[in-house]
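Working notes, structure below.
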Amino acid sequence: MSQCKHFRVRSKKYQKYFYCLKLKKKIDVKKCSTCEYKDYKTQKKWKTRSKKLNKLERSRRSILTNDMKHCFLCNRILEHINRHEIFFGRNRLKSMEYGLVVYLCDDCHTISDLSVHNNYFTDLKLKQLGQAAFEKKHSHEDFMRIFGKNYL
């Protein structure tokens, strides 16, 4: 297909056709390749991570465990470290900042049916452990103010 910024694929009554915004009419694909008004789309740059986010990613620590060699859930020796932030989404950076990170094997992280990303109850258990560990260092009110939900 053409990469001209005026080229569009439209449909009418479930029939697809090619349309030129510059000429304002239906066109043939061959006609678009030889068009005198052909203008290519500019590619946007990919977003890069900020220095602050890179620093947080590298310095992730865990307040739940100091053992980076064994899986937190199944206690298997880790071949590849999967750092899992307990609170993800909008709370991911807060989770990294406060040390609510655990080290998991591939099976416990994503592969098996009981993995954190596939099983609600495993995820909930980690969130409860994370909240309890956070509340040992800080108060319950701080947890509610920062994360906004009670898991205990």
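The values are calculated or read from the model by the stated rules, or taken from the named source; none is laboratory data. A quick note: this is a predicted structure, and the numbers were derived from the prediction, not measured. No Cβ is skipped: glycine too gets one built from the backbone with ideal geometry, and neighbour counts run over all protein chains shown.
Run down THR110, THR122 and say which single residue is surrounded by 11 or more Cβ atoms within 10 Å (Cβ to Cβ), more than 30 Å from HIS6 (Cα to Cα) and in contact with a His (Cβ under 9 Å, 6 or more places away or on another chain).
THR110
Out of SER139, SER33, SER59, one residue alone is without any contact (Cβ under 8 Å) to a residue 60 or more places away in the chain, of a type in the set (Gly, Ala, Ser) and in the same structural domain as HIS6 (by TED's automatic domain parsing). It is SER33. Where helices (runs of 4 or more DSSP H) fall entirely within region 1-119, those with at least 3 residues that are over 16 Å from GLY130 (Cα atoms) are at 29-33, 51-58.
With PHE87, PHE72 as the choices, which residue is touching a Lys or Arg at 6+ places or on another chain (Cβ under 7 Å), of a type in the set (Phe, Trp, Tyr) and under 20 Å from SER115 (Cβ atoms)?
One residue alone meets the criteria, PHE87.
Condition (residue is in the same structural domain as HIS138 (by TED's automatic domain parsing), over 27 Å from ILE146 (Cα atoms) and not aliphatic (A, V, I, L, M)) applied to region 20-28: is it met by at least one residue? The answer is no; no qualifying residue exists.
Contact map, region 96-117: first residue in contact (Cβ under 8 Å) with a residue 40 or more places away in the chain, second residue of a type in the set (Phe, Trp, Tyr), Cβ cut-off under 7 Å, separation 6 or more or different chains; pairs are TYR98/PHE134; VAL102/PHE72; TYR103/PHE72.
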